[in-house]
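Values in this text are rule-based calculations from the coordinates and carry no lab data. For clarity, every value in this text was computed on a predicted model and none was experimentally measured. For neighbour counting, all protein chains shown are included, and Cβ atoms are generated from backbone atoms with ideal geometry for every residue, glycine included.
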Amino acid sequence: MSVAAPDPPGPPEGVERAYPLSGLTTIRTGGAADHFARAGSLERLLDLLRWARAAGLEVGVVGSGSNLLVADDGFRGLAMKLDADLATIEADGPRLVCGGGARLPQVAARAARLGLSGIEFGVNIPGTVGGAVRMNANAYGGELAEALEWVDVATPEGTSRRRPADLGFSYRRSNLGSREVVARACFTLSEADVDEVKRTLASMRERRRAAQPSGIKTFGSTFKNPDAPAAEGRSAGQLLDAAGCRGLAVGGARFSEKHANFVENSGTATTADVLALMGEGRRRVQAAFGVELEAEVQLLGGAPPEWRS
Ligand SMILES: Cc1cc2nc3c(=O)[nH]c(=O)nc-3n(C[C@H](O)[C@H](O)[C@H](O)COP(=O)(O)OP(=O)(O)OC[C@H]3O[C@@H](n4cnc5c(N)ncnc54)[C@H](O)[C@@H]3O)c2cc1C
C-alpha cells in the first residue's frame, strides 16, 4: 500500500505568486517567478530556504540581476532578493562586513571614504556582494578573493562560514550551488590615503566609460574570455568582432557597436532573441576560429540551450 507524501507547509508570509522578474534584471527580459520573496534578515532567509526545500521548489537568488537572463516563460521555483539587514555595509576597523544584497559600487565608495584600499575594482561591477562572490567577479586585475576574509553561506540546514580557499574560485566561477546563499561577507582592506583611493575610483570609472556602452539595457559580458590556444590570446569581444558580430541583431537584441561582447536590449528584446543572438555569435566564432565560446551570463528558468556549459 502506498502512502501519499504529506502536503508541503504553506508558504511563509509575504511570498508572492507570479512575480515578474524582468524589472529586477539589467537586460529587462524574461517572465515571472512562480514564487517570489524578499529576505531582510538571516532568520527569514533560512525560513524561506527550508520552506522551498519542503515544497520541492528550486531556489534562485536575484542580486542586482546584472548577469542574469530569465527565461521568457519564467522560473518554476522561489526567487529571492536580499534586502534590509542583508544589504547593510558595516565598518569595523579595516574590515567591511556586508550583507549579500549590498551593492558592490557602494561598498567600493564606502571603503574610499574610510581610506580603505583593496575593493576599488568593485566601483565598476554593478552587482551585489553575493552575486560577485558567486560569479567571482573582478575588473582591471582586482581580485575578490584577495580582499575577502569570509562569507556566511545560508542553506536549509543553517549557516556556515567559508573562507575564500573553500569557495572553489576560478575564472567567473565559485562552487556555490543554487541553495547556497551568500548572506554576509567580510572584506579585509588596507589603510590608504582617502584622496588617493578616491582618485583610483574616478580613474577606473573613466576607463570604463571610454570602453563600454553606458545607459543601455545589458548584462555586461555575454561570454567568458576563452583560454583555448586557438583563440591566440584574443578576448571574446575581439573574436566576436572579427567574426562580424559587432552590431549583429536578432529581434530586439543586438551585439553592441561599442563592445561586441555586450548584448543590448533595444527595447523589444525577449530572452529568446538574446539566446538566438548568442547562439549565432557562438556559431560564427566557432566557424571562423574553431573556438567554443562559453556563456558568462547565468540563466534562471527554462531549459539551458545545449551549447551552454
Ligand atoms: C554594465 C556591466 C558591467 C559589468 N562589468 C563586470 C566586470 O567588470 N566584471 C565582472 O566580473 N562582472 C561584470 N558584470 C557582470 C555582473 O555585474 C557581475 O557578474 C556581478 O557579480 C553579478 O552580481 P548580481 O548581484 O547582479 O548577480 P545576479 O546577476 O543577480 O546573479 C548572478 C548569479 O549570482 C547568483 N547570486 C546572486 N546573489 C547571490 C547570493 N546572495 N548568494 C548566492 N548566489 C547569488 C544568482 O543566483 C546568479 O546565479 C557587469 C555587468 C554589467 C551590466
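Structure data summary
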read-out	value
Dimensionless Rg over Rh [the range 17-84; C-alpha; Kirkwood]	0.96
Charge context of residue 171, other residues only, Cβ under 11 angstrom, K/R +1, D/E -1	0
Most positive-pole-ward Cα, 228, 129, 290, against dipole of the chain from beta carbon charges	290
Helical segments meeting 24 Å axial Cα length and Kyte-Doolittle -0.5 threshold in the chain (DSSP H)	271-289
Sequence of 85, 227 once ranked by neighbouring C-beta atoms within 10 Å, starting from the fewest	227, 85
Stretchable slack from residue 287 to residue 18, in nm (0.36 nm times residue separation minus alpha-carbon distance)	92.8 nm
Residue order, fewest to most surrounding Cβ atoms within 10 angstrom, among 296, 232	232, 296
Value of [θ]222 nm, deg cm²/dmol, for the chain, DSSP H segments ≥ 4, -39500 (n - 2.57) each, nearest 500	-7500 deg cm²/dmol
Relative packing of peptides 169-177, 22-30 - highest average C-beta neighbours within 10 Å first	22-30, 169-177
Dipole magnitude (debye, nearest 20) for the chain, charges at Cβ of Lys, Arg, Asp, Glu	520
Segment residue 303-residue 178, extension gain: residue separation times 0.36 nm, minus the distance between their alpha carbons	43.4 nm
Gained length - residue 249 relative to residue 214, 0.36 nm times residue gap less alpha-carbon distance	10.8 nm
